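To start, the structure itself, in structure tokens.
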Amino acid sequence: MRQQDPSGAAGPTPALSRRAVVAGSLAAASVPLLGGGPAWAAASPTTSLLAPADPVIDPALEIGPPGPVEPLPDLSAIPARDVPRLAPRAASTLGAGRGGGPPRRYADAASVPFQFRYDDFEIRELPIGIEPYHMTSPVPLVDPGVHDSTGVRMVRLGGRLYDHPVAQAQYGLHLMEAHRITGNVTYLNRAKLQAQRLIDRRTLRSGAWFYPYPFDHRLHGGPDLYPAPWYSMMAQGQALSLFTRLYQRTGETKWKGAADATFASYLLPAAAGQPWGVYVVDGLLWLEEYPHPKAVRGDRTYNGHMFSAYGLYDYWVLTRNADAKLMLQGAITTYRDVWEKTRVRHWRSRYCLTHGIDAGQYHSTHMFQFVQQYAITGDTYLAQLADLWYTDYPPYGVKGNIRFSSGTHTAYKFNSAGTVTARTKMTLARASAAPSGDRVKIMRQTGIWYAITAGTLAGYYVQEYSPYRYQVGICAGFGYKLHRPGTIAVDAPPAYSIDAAGLMKSVPTTYRVGDQVAVDGRSVLNGREHVRLVEGPYAGRWLGFGAVIRG
């Protein structure tokens, strides 16, 4: 019997049994949604696709938007010897007036000229595999990006090449990872070129090094003009990470000196008309990505604040500097305590607090920054916030093959407000498939949607509804970096494995309600969310998302 489309553009998505999901993955003869495929009972589309709103964010003219996430590792990246040391801690609570007692303040670090709230987070040195900026594959040896004749990363504006401190520091960090992965000294030498360019162009203030932007910048394309030179704590933080790692890798003292001078920029109070980037707003420490060059104000950019904090982390790993640890604790406290102001329920988060604009693809960046903070601190509250962000809006850049069951399906086009501008129905005599270029939410619509990129439905969106329509296999993978505690919520939940073709197999478990487990990631398997077990007799297998309460 043919299945009818069970959902409309704004309709609910009823629950399906696990058996239905598995049965859907076992369907045999699927055919692509291309010319010569099954006949359709369809109306012809009459309007072109207008994608949901996704404003272009210009974060200090970074190299580009954040890339798609790397796939989950086969199993946890934490060496067995480090698992006890990196055990998670109980969730923290928010700061002043939020149930956490009076604000904590420091009194014994006179070299830090700020007063701010902070929680005394444990700061852990992380093993290779879960530290900030970790990569699993090297950047190309032949650089496809914009660079000058020496191989230093540049940006091209108005037909002219400009130095760009974030671009150079980011590229240097990528090159360092490529050297670690391959051992090819060409990568290391090129990373040194990026770092040396930063040093050569530095600006001094009270002995601290700042890295100027040599072009004017209009913040978010609006009326607020930042005339050159201007500075960014995101650039300061990524330069600090690059210098620190170069010293660790090479032992060359010039890089340690550069790191020390860059860290000194974190210890200077804000001063209008001078290089600055650190200030306190409402009792919280901010590492400002866009400090105004003429006034003490900024954007309070969520992602840039934490990228800057990664520099503090790297410097602390090298030096165990107490001031770096204190400021890192303050930066993480800020990121945690303003989450309610940054979040947009059931949608993408805000890019910054000052302007509150849509984060676009940086919503995924926020999500993964929460996970990185969880790894650094072990604080499960931060992992819970990462899960909340994941639920509000799925990870960016998920592509794959969408399976359609036999029966009738409805596809839609939407304008930027989420209003339906076109729809078409198709009826399949047997299962079929089509490629998707993204997995998204759409304004004012329920559920998750696939953007079909080829075949009869090219330019349309279809709603995820397993086992009728789903991306085959594992998608939207999201690793927690640390093992995360969980409590079994149902008796004897089945544990699943899945192969590249989307075939799911299950084994019965002996778990009972209340049993403790550990998980290391969540993903969507054939259109249904699961978490992956990382310890015990079922390690590497998946449990249904609702079967585990995550700490």
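The values are calculated or read from the model by the stated rules, or taken from the named source; none is laboratory data. Only a predicted model underlies this, so the values are computations on that prediction, with no experimental measurement involved. Because the Cβ atoms are built from the backbone with ideal geometry, glycine has one as well, and the counts that use them run over all protein chains shown. Protein only, heavy atoms only, side chains kept; ligands, DNA and RNA dropped before computing areas. Shrake-Rupley method; radii C 1.70, N 1.55, O 1.52, S 1.80 Å.
Brief remarks on what is shown
- Only residues that are open to solvent by 10 Å² or more (accessible area, probe 1.4 Å) and touching a helix residue (DSSP H, G or I) at 6+ places or on another chain (Cβ under 8 Å) were counted in the range 457-470, giving 2.
- Listed here are the strands (runs of 3 or more DSSP E) enclosed by the range 363-459 that have at least 1 residues being among the polar types (S, T, N, Q), modelled with pLDDT of 95 or more and under 30 Å from residue 313 (Cα atoms), and there are none.
- Candidates are the residues of the range 420-440 that are more than 12 Å from residue 457 (Cβ to Cβ) and of a type in the set (Ser, Thr, Tyr); the one that is surrounded by the most Cβ atoms within 10 Å (Cβ to Cβ) is 427.
- Residue in the range 221-229 that is within 22 Å of residue 314 (Cβ to Cβ) and either assigned to a strand (DSSP E or B) or of a type outside the set (Gly, Ala, Ser) (or both) present: no
- Residues considered: 355, 363. Of these, the only one that is in contact (Cβ under 8 Å) with a residue 12 or more places away in the chain, of a type outside the set (S, T, N, Q), open to solvent by less than 40 Å² (accessible area, probe 1.4 Å) and under 16 Å from residue 301 (Cβ atoms) is 363.
- Residues located in the range 471-488, provided they are over 23 Å from the mean Cα position of the chain (by Cα) and either modelled with pLDDT under 95 or open to solvent by less than 20 Å² (accessible area, probe 1.4 Å) (or both): 488
- Residue check for residue 443: open to solvent by 10 Å² or more (accessible area, probe 1.4 Å) and in contact (Cβ under 8 Å) with a residue 60 or more places away in the chain: yes
- Single residue of 259, 271, 295, 264 found to be outside any loop (DSSP other than H, G, I, E, B), open to solvent by 10 Å² or more (accessible area, probe 1.4 Å) and in contact (Cβ under 8 Å) with a residue 12 or more places away in the chain: 264
- Failed item in (1) in contact with a Phe, Trp or Tyr (Cβ under 9 Å, 6 or more places away or on another chain); (2) of a type in the set (Val, Ile, Thr); (3) open to solvent by 10 Å² or more (accessible area, probe 1.4 Å), with residue 185 passing the rest: (1)
- The range 196-218 - residue that is more than 21 Å from residue 168 (Cβ to Cβ) and not polar (S, T, N, Q) and, of those, most open to solvent (accessible area, probe 1.4 Å): 218
- Filtered residues of the range 68-93 (kept if assigned to a helix (DSSP H, G or I) and either open to solvent by 50 Å² or more (accessible area, probe 1.4 Å) or at pLDDT below 90 (or both)): 80, 81
- Candidates 373, 369, 384: the one that is within 30 Å of residue 307 (Cα to Cα), in contact (Cβ under 8 Å) with a residue 60 or more places away in the chain and open to solvent by 30 Å² or more (accessible area, probe 1.4 Å) is 384.
- Test: residue 123 is open to solvent by 70 Å² or more (accessible area, probe 1.4 Å) and of a type in the set (A, V, I, L, M, F, W, C): no
- Sub-7 Å Cβ pairs linking a first residue in the range 144-157 that is at positive phi to a second residue that is modelled with pLDDT of 95 or more, at least 6 apart or interchain, are 151/190; 151/193, ordered by first then second residue.
- Residue that is least open to solvent (accessible area, probe 1.4 Å), among those in the range 493-508 that are in contact with a helix residue (DSSP H, G or I) (Cβ under 9 Å, 6 or more places away or on another chain) and among the hydroxyl-bearing types (Ser, Thr, Tyr): 496
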